[in-house]
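Computed from the coordinates by the stated procedures, all read-outs in this text should not be read as laboratory data. All values derive from a computational prediction rather than experimental measurement. Backbone-built Cβ (ideal geometry, glycine too); neighbour counts: all protein chains shown.
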Amino acid sequence: MARKKIALIGAGNIGGTLAHLAALKGLGDIVLFDVVEGVPQGKALDLSQCGPVEGFDATITGTNDYADIAGADVIIVTAGVARKPGMSRDDLLGINLKVMKAVGEGIKANAPDAFVICITNPLDAMVWALREFSGLPHNKVVGMAGVLDSARFSHFLADEFKVSVKDVNSFVLGGHGDTMVPVLEYSTVSGIPVTDLIEMGMSTKERVDAIVKRTRGGGGEIVGLLKTGSAFYAPATSGIAMAEAYLYDQKRVLPCAAYLSGEYGVDDLYVGVPVVIGAGGVEKIVEVKLGAEAKANLQVSVDAVKELLVACKGIDETLA
Ligand code: APR
């Protein structure tokens, strides 16, 4: 069987980490694309030299030419600028929208059959714009946010309950921003909801509320510490989990920014919801029953995403 081809658009911190993980996991041959000359080529050469030590055969190439992504099975997009301290994800909108236009057109012309995972922020708006610019089917373009947000939530919960992260399964809905909605009723330790664990005295509502707040600001906390950029290890790991679900037809249920057409009462918008990812891309949107509080919080999040799309349409009239 021929090797799969993974194209990574953006060879920065996340792009380089994605390439490293994809090579270590043997997902396929890797093409790193960037607009900056030398960076994707240099990273590809460095990563290729891991091969003899790790024993992987994948070819890793760097390029500045979109023609080299032709035939890609999976494309992961991290092109654009990242946050600096004091910036919100939304501050990136103007610059990254232009980048999405170039990337979308590159994908449309060279790899229209790929499964595309967008990581560039502000995520929910950028994935929507990338879909518009690329013209790919909605089920083949998805945003990575929920896997990362729920990983952050799970990490903090495991720490609080002093249990293995393996047994924590957390659930985060909504946009990838300060309005994201961690849902306690569906977040569990080995099937026991966090709300029950609070009743059992394992933590308190106040402490869990503080964890929810920390999860919402999880990206900003890392930007504040790094000062020169934003998180990249966990975002890359999360993107790779989504790529594996597609490549291996795993039918995993993962929270992703997916295109909604009526589900959750939302239309023509990308918002974080649980979806099934398999060989068909986003095969199903899982519509769970939400309590009044989660519903109201989701609406706030949806409204925030809507505002970003209005801003996108104001900047690029082809989107209107
Ligand atoms: N086409 C391709 N690559 C581009 C383009 C473009 N038009 N414009 C910028 N880039 C490249 C930059 O040259 C850089 O190598 O995108 C890369 C971005 O890398 P970093 O600055 O290291 O950012 P990173 O941490 O990887 O984050 C990328 O993901 O999580 C989001 O908020 C984050 O939007 C940011 C993106």
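Any idea what diffusion coefficient segment 1-155 gets from Stokes-Einstein, in µm²/s, Kirkwood Rh on alpha carbon pairs, 20 °C, 1.002 mPa s?
Value of D from the Cα-based Kirkwood radius: 136 µm²/s.
Given a cut-off of under 8 Å on Cα pairs at least six residues apart, what relative contact order in percent is computed for segment 133-225?
It comes to 25 percent, rounded to a whole number.
Quick check on the exposure proxy: order I222, I192, I9 from fewest to most C-beta atoms within 10 angstrom.
Fewest-to-most Cβ neighbours within 10 Å comes out as I192, I222, I9.
For K313, give me every one of the aspartates and glutamates with a C-alpha distance below 19 angstrom, ignoring sequence neighbours fewer than eight places off in its own chain.
D90, D91, E105, D124, E132, D267, D268, D303
Let me check against my output: what whole-number percent is the relative contact order of the chain, with C-alpha pairs under 8 Å and at least 6 apart?
Dividing the mean separation by the residue count of the chain yields 17 percent.
With runs of 4+ DSSP H residues as the only contributors, calculate the mean residue ellipticity of the chain at 222 nm using -39,500 (n - 2.57) per run, divided by the residue total and rounded to the nearest 500.
Taking each H run of at least 4 residues, the total per residue is -13500 deg cm²/dmol.
Between V36 and D267, what is the label-to-label distance in nm when each label sits 7 Å out along the Cα-to-Cβ direction?
The answer from the label model is 4.4 nm.
R0 = 41 Å: FRET efficiency of A67 with K227, Cβ-based, nearest 0.05?
0.65
Most fluctuating residue of R131, R214, R152 in a GNM of the chain with Cα springs under 10 Å: which is it?
Between R131, R214, R152, it is R214 that shows the largest mean-square fluctuation.
Averaged over all directions, how much area does the convex hull of the C-alpha atoms of the chain cover when projected, in nm²?
The directionally averaged projection comes out at 16.2 nm².
With a ≥ b ≥ c taken as the square roots of the eigenvalues of the C-alpha gyration tensor of segment 217-320, please select rounded if a/c is under 1.5 and otherwise prolate if a/b is larger than b/c or oblate if it is not?
rounded
V288 versus R207, label points 7 Å from Cα toward the beta carbon: distance in nm?
Using points 7 Å along Cα→Cβ, the separation is 2.3 nm.
Which of the lysines could a cross-linker bridge to K284, judged by Cα under 21 Å and excluding same-chain residues fewer than eight apart?
Within the straight-line cut-off, K284 pairs with K140, K251, K295.
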